[in-house]
1. Scan the stretch 85-102 and tell me whether some residue there is open to solvent by 100 Å² or more (accessible area, probe 1.4 Å) and over 30 Å from residue 127 (Cβ atoms).
2. Being modelled with pLDDT under 75 and open to solvent by less than 50 Å² (accessible area, probe 1.4 Å) is the requirement here; does residue 105 meet it?
3. Just to be sure before I move on: is residue 70 open to solvent by 60 Å² or more (accessible area, probe 1.4 Å), aliphatic (A, V, I, L, M) and either within 30 Å of residue 107 (Cα to Cα) or out of contact with any helix residue (DSSP H, G or I) (no Cβ under 8 Å at 6 or more places or on another chain) (or both) in the structure I sent?
4. Looking at the stretch 19-30 only, could you name the residues that are open to solvent by less than 100 Å² (accessible area, probe 1.4 Å), outside any loop (DSSP other than H, G, I, E, B) and of a type outside the set (A, V, I, L, M, F, W, C)?
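The values are calculated or read from the model by the stated rules, or taken from the named source; none is laboratory data. As the structure is a prediction and not an experimental result, all values here were calculated from the model. Methodologically, a virtual Cβ is constructed for each residue, glycine included, from the backbone with ideal geometry; neighbour enumeration extends over all protein chains shown. Note: areas computed on protein heavy atoms with side chains; ligands, DNA, RNA excluded. Shrake-Rupley method; radii C 1.70, N 1.55, O 1.52, S 1.80 Å.
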Amino acid sequence: MVALETLPDFVPSVNFSDRVMSQVQVFEPWHAAATRTVAQYVPATRPARIAAGFGAAITAGLATAGATWVVARADMAFILTQLGAEGVRDQIVAASNDVASTVLGQPGIAAVQSGSPELAAVAAGGFVAIVGMGVVGLRALATASRRAR
């Protein structure tokens, strides 16, 4: 006991607690994190909270009414979706035809429309070559950016 009393007093460094606490894994339950996140968006004053509540109720009511209307008129929604899909498909076909005519020209388009197997093989080989060059180029860029760091 006397030996312990003769030892000098130990005083930890000023940053000791900061270093220890930076290594401690603090677990925060999901519900606490969710509550803290939602609390940021809740208005501070009572009138503002009441107005926000009415706004949320009106929005929920309109969304429910809209969903009910869509379900009741599912046939109409299906028809409108079909019309929209046809329009998108037509736009894609027109754009791809424009690109093909620009890239291949009229003789190239005529050759594609003839459907010869040799042309299909050349087109597939060209596609594979272009994709391969793209992959090699992207890898070269990635390697160069890693070396720059």
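1. No - not one qualifying residue is present in the stretch 85-102.
2. Judged against the criteria, residue 105 is a match.
3. So residue 70 fails the test.
4. 22
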